[in-house]
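Below: the structure, in structure tokens.
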């Protein structure tokens, strides 16, 4: 019996024996942490070493440098664009101001030309009317036209000669119209226009007379009367 127990213990079928370490658990954790850190550092070194061998690190630096240059160029282009836009806006404002000035000057030139032409017409009108000599009151330069049926526009100059010491003339002027109507002689029973008149040396008169639309005016007569109703000057115009 004892022999059997001894054989059993010495044979393969003997009970298993476990060998346990007597290292404390804090030390085991420290060893595990050191091993893990060493493994991580080894893996990182291997990764960086592999990048260096493959040339990825150099390409990354080159790409970063190229990206920085592109950004600088883009910023320079943006600044140039802003300056060009500012110059374009200033030029556009100046162009608009120049056009407005030119338009205003053109209007002023046109107005001056019209005034100059009016002055030339007035000068020519007065030059034709000024007499060489004489004294007294006279009507000169009677002109008339018919802008519409039943209307007659007239223009004339009344002058008083005899020196600068003459008193002011006070009176009135009348415009009389005559012609034909329905094939017969016709004249207005009263003056078509009667207006007061007062001047020193000369007075230019422009006016509009109205008459029946069915009549045809053939003659215009202007009379100048003083305050007493005495006829002082007259002039007639045939149309």
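The values are calculated or read from the model by the stated rules, or taken from the named source; none is laboratory data. Model, not experiment: these values are computed from the prediction. Virtual Cβ from ideal backbone geometry, glycine too; neighbours counted across all protein chains shown.
Tabulated data
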quantity	calculated
Members of the stretch 222-239 found to be without any contact (Cβ under 8 Å) to a residue 24 or more places away in the chain, over 27 Å from residue 148 (Cβ atoms) and in a strand (DSSP E or B), listed by number	231
Check on residue 125, assigned to a strand (DSSP E or B) and either surrounded by 18 or more Cβ atoms within 10 Å (Cβ to Cβ) or modelled with pLDDT under 85 (or both)	no
Selection within the stretch 163-217 - assigned to a strand (DSSP E or B) and out of contact with any strand residue (DSSP E or B) (no Cβ under 7 Å at 6 or more places or on another chain)	184, 185
Only one of 219, 161, 155, 203 that is under 24 Å from residue 121 (Cβ atoms), surrounded by 14 or more Cβ atoms within 10 Å (Cβ to Cβ), touching a residue at least 24 places away in the same chain (Cβ under 8 Å) and over 52 Å from the mean Cα position of the chain (by Cα)	161
